[in-house]
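Please read the structure below before turning to the comments.
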């Protein structure tokens, strides 16, 4: 299996996380942000992640990829799912974007390895979210708006090793979002959230992204 991905992409990390939990080898190809041709050549449109299975057929939806990986051998993500966790994840995606999007270009990530790729990202995201300098200047406000959601997650977490007590798709929803927001300097995760983040990242063998 080969995953076409961006290092900063939380949807991509869902797939990487699932493969790591299953101890399955996943070939990873980081695509430059401006390399639309590769994406279109694989699936006919610009989209990330793309999972190309061993039979050569591509998959597009990250949760479908996770379920496919988990179906290989004995399933692991069999724990209960809670609607509160899914609702939390859906809500937090929008709240983290003003904090994370203007910081990813500062992390020296491989999808920004050329000036053209970095410029492409900056242009796309500034159109969607606004001026990066201004967004970073408003970090305290965005952190304050996010903290109630992190405190809610703190109350929802049942174990440092699985948000619902046993590994489930809810862990796939939560951990990649925490990996993204953990890059924000000055953001302090509540205790149970921090313990969960650190335990799960250690379990799957990934280091957190740099903090900026």
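What follows draws every value from the coordinates through simple rules; no lab data is involved. Being a predicted model, the structure only gives us computed values, none of them experimental. Cβ atoms come from the backbone with ideal geometry, glycine included; neighbour counts cover every protein chain shown.
Each Cα pair under 8 Å and six or more residues apart adds its sequence gap; the mean of these over the residue count of the range 83-204 is a relative contact order of 34 percent. The mean sequence distance of close C-alpha pairs (under 8 Å, at least 6 residues apart), as a share of the length of the chain, puts its relative contact order at 25 percent. DSSP beta bridges fully contained in the range 1-96 are about 55 percent antiparallel.
Our compactness index for the chain, the C-alpha radius of gyration over the empirical 2.2 N^0.38 Å, is 1.01. Distance from the C-alpha centroid of the range 90-132 to that of the range 40-54: 21 Å, rounded to the whole angstrom. Shape of the range 156-196 from the C-alpha gyration tensor: oblate (a/c of 1.5 or more and a/b not above b/c, with a ≥ b ≥ c the square roots of its eigenvalues). Mind checking which of 70, 149, 55 has the largest fluctuation in a GNM of the chain, springs on alpha carbons under 10 Å? In this elastic network of the chain, the residue with the biggest mean-square fluctuation among 70, 149, 55 is 55.
Sorting the segments 7-20, 189-202 by their residues' average number of neighbouring beta-carbon atoms within 10 angstrom, most packed first, yields 7-20, 189-202. Peptides 165-174, 105-114, 82-91 ranked from most to least packed give 165-174, 105-114, 82-91, packing being the mean of other C-beta atoms within 10 angstrom over each peptide's residues. In this calculation the C-beta distance from residue 78 to residue 42 is compared with R0 = 25 Å, giving a FRET efficiency of 0.20. Using DSSP, restrict attention to beta bridges with both residues in the chain and report what percent are antiparallel, rounded to the nearest 5. Counting only bridges with both partners in the chain, antiparallel ones make up about 60 percent.
Computed extension length for residue 195-residue 93: 34.6 nm, one decimal, from 0.36 nm per residue of separation with the Cα-Cα distance subtracted.
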